1. Which is closer than 21 Å to Ala174 by Cα, in a helix (DSSP H, G or I) and within 17 Å of the chain's Cα centre (by Cα), of Ala142, Ala136?
2. If I filter region 65-106 down to residues being touching a Leu at 6+ places or on another chain (Cβ under 7 Å) and assigned to a loop (DSSP other than H, G, I, E, B), which single residue comes out as farthest from Ala126 (Cα to Cα)?
3. How many residues does region 113-132 hold that are surrounded by 24 or more Cβ atoms within 10 Å (Cβ to Cβ) and either modelled with pLDDT under 95 or not in a loop (DSSP other than H, G, I, E, B) (or both)?
4. How many residues are in contact (Cβ under 8 Å) with a residue 24 or more places away in the chain and either within 21 Å of Leu61 (Cβ to Cβ) or part of a loop (DSSP other than H, G, I, E, B) (or both) when one looks only at region 6-20?
Amino acid sequence: MTGRGEMRTIHPIESRSFEILRSRVDLGPMPPLRRAVAERVIHASADLEYAVDLVTDEAHLEQGLRALRDGAPIVTDVAMVAAGITARETICSIAAPAAASMARAAAITRSAAAIRLSYAEVGRGAVWVVGCAPTALEEIIARDVGPALVIGLPVGFVGAAESKAALRDSGLPAVSNISEKGGSAVAAAALNALLYYEGEHQDEEDA
């Protein structure tokens with residue numbers, strides 16, 4: 001686990017991967033945090049289209065970064081997103097028995113129920129990371145959770161693009177993408193870009 005103020009050890013394969021990435025797409029004109037997020041998402045997916053598919057605002061990323069540095073809770077929709085975030089502890093309620101009970105009682109998806117449970121635990125000001133379930137993202141919007149940042153990158157042909165459009169329309173501080181693609185790996189990568197930024201951004205800018 002890498003804490004704030006510690007330098008993350010970067011494997012030579014990762015360094016070489018970023019060199020190749022930068023030879024194929026020029027993200028230099030982007031503001032620094034947006035560039036860091038875009039690069040790490042592209043690195044995780046090997047999909048250069050994220051350079052134009054991602055939607056965010058530098059001020060939103062700055063707010064999320066401040067919250068993370070201040071110790072804000074990180075909530076994920078599924079365990080696969082949580083598994084990709086190793087530098088910090090995360091909260092994921094999808095496997096809680098109460099999520100299944102609530103889903104049946106309220107006639108909602110288990111993912112939406114997990115969001116309700118997590119919000120009851122963390123309250124306002126958390127960083128939310130959704131990489132799988134559109135219904136989890138819809139619940140975040142509907143609940144008015146007062147997020148520091150929402151990373152909304154669910155994947156799929158049913159509801160994914162629509163839920164991300166709703167996130168953008170909500171005015172919440174967010175990272176999203178326009179297309180149906182996304183997923184746990186890219187959602188974790190977007191969050192990791194902020195967690196790793198303090199130790200890496202100067203090296204990336206000088207590369």
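The values are calculated or read from the model by the stated rules, or taken from the named source; none is laboratory data. Please read these numbers as outputs of a predicted model, since none were measured by experiment. Cβ atoms come from the backbone with ideal geometry, glycine included; neighbour counts cover every protein chain shown.
1. Testing whether each residue is closer than 21 Å to Ala174 by Cα, in a helix (DSSP H, G or I) and within 17 Å of the chain's Cα centre (by Cα) leaves just Ala136.
2. Looking at residues that are touching a Leu at 6+ places or on another chain (Cβ under 7 Å) and assigned to a loop (DSSP other than H, G, I, E, B), I get Ala96.
3. Within region 113-132, residues that are surrounded by 24 or more Cβ atoms within 10 Å (Cβ to Cβ) and either modelled with pLDDT under 95 or not in a loop (DSSP other than H, G, I, E, B) (or both) number 8.
4. Of the residues in region 6-20, 5 are in contact (Cβ under 8 Å) with a residue 24 or more places away in the chain and either within 21 Å of Leu61 (Cβ to Cβ) or part of a loop (DSSP other than H, G, I, E, B) (or both).
Matching residues to (1) assigned to a loop (DSSP other than H, G, I, E, B); (2) on the phi > 0 side of the Ramachandran plot; (3) touching a helix residue (DSSP H, G or I) at 6+ places or on another chain (Cβ under 8 Å); (4) surrounded by 19 or more Cβ atoms within 10 Å (Cβ to Cβ):
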position	(1), (2), (3), (4)
Leu33	no, no, yes, yes
Ala44	no, no, yes, yes
Val52	no, no, no, no
Glu62	no, no, yes, no
